[in-house]
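Inspection log for the structure reproduced underneath, given as structure tokens.
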Amino acid sequence: MAKRCFQLKRSRLAVLFQLIMLIVLIGVLQQLLSLGLWLLFSVLAVMALIYRLRQPWVQSFEYLDQQQWSLLHSNSAQVVQVSMRHIIDHQVYMVIYFDAAQHKPVLIWRDQLSVLQWKGLKNLAHVF
């Protein structure tokens, strides 16, 4: 199989989705909680969103062979080799699961890749 290297950008869709869910949750809880509890929850939720956005993310990954992939995280220059379990395609995003417990699943949104790379990843998802 040809070389499959995927360079990821930060996802605007992921940030937008998280922001919309936060606004909906804060709006619903405004109706259910007292003012003090609602303010406390709102501050904690915004802090959690900021913390989540500062987390390291997968900057690039490459399909090597069979189920072997290499990952490069944004916070390190070290390439990690992992074994992939399966890929789930949800049309707008894909989730890649790995065999090793220390590697979290990678969520790849459609806007993180070019159209050509997205189609290549979709083809790989259907193979696995």
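The values are calculated or read from the model by the stated rules, or taken from the named source; none is laboratory data. Fair warning: this is a prediction, and the values are worked out from it, not measured in the lab. Note: ideal-geometry Cβ built from the backbone for every residue, glycine included; neighbour counts use all protein chains shown.
With the requirement that a residue be in contact (Cβ under 8 Å) with a residue 12 or more places away in the chain, part of a strand (DSSP E or B) and surrounded by fewer than 14 Cβ atoms within 10 Å (Cβ to Cβ), what does the range 70-83 give you?
Once the filter is applied, which keeps residues that are in contact (Cβ under 8 Å) with a residue 12 or more places away in the chain, part of a strand (DSSP E or B) and surrounded by fewer than 14 Cβ atoms within 10 Å (Cβ to Cβ), the range 70-83 yields Gln81, Ser83.
State all residues of the range 36-54 that are surrounded by 11 or more Cβ atoms within 10 Å (Cβ to Cβ) and either within 16 Å of Ile20 (Cβ to Cβ) or among the β-branched types (Val, Ile, Thr) (or both); if no residue qualifies, say none.
Residues satisfying the conditions are Ser42, Ala45, Val46, Ala48, Leu49, Arg52, Leu53.
Go through the range 12-69 and give me each residue that's more than 19 Å from Trp118 (Cα to Cα), in contact (Cβ under 8 Å) with a residue 12 or more places away in the chain and assigned to a loop (DSSP other than H, G, I, E, B).
Once the filter is applied, which keeps residues that are more than 19 Å from Trp118 (Cα to Cα), in contact (Cβ under 8 Å) with a residue 12 or more places away in the chain and assigned to a loop (DSSP other than H, G, I, E, B), the range 12-69 yields only Pro56.
If you take the residues of the range 1-11 that are touching an Asp or Glu at 6+ places or on another chain (Cβ under 8 Å) and part of a loop (DSSP other than H, G, I, E, B), which of them is surrounded by the most Cβ atoms within 10 Å (Cβ to Cβ)?
Ser11
Exactly one condition in (1) hydrophobic (A, V, I, L, M, F, W, C); (2) in contact (Cβ under 8 Å) with a residue 24 or more places away in the chain; (3) farther than 22 Å from Gln7 by Cβ is not met by Leu113; state its number.
Every listed condition holds for Leu113 apart from (3).
Of the residues His86, His126, which is more than 23 Å from Gln55 (Cβ to Cβ), in a strand (DSSP E or B), of a type outside the set (Val, Ile, Thr) and without any contact (Cβ under 8 Å) to a residue 60 or more places away in the chain?
Answer to the check: His86.
With respect to Ser114, determine if the residue is hydroxyl-bearing (Ser, Thr, Tyr), farther than 24 Å from Leu19 by Cβ and modelled with pLDDT of 85 or more.
yes
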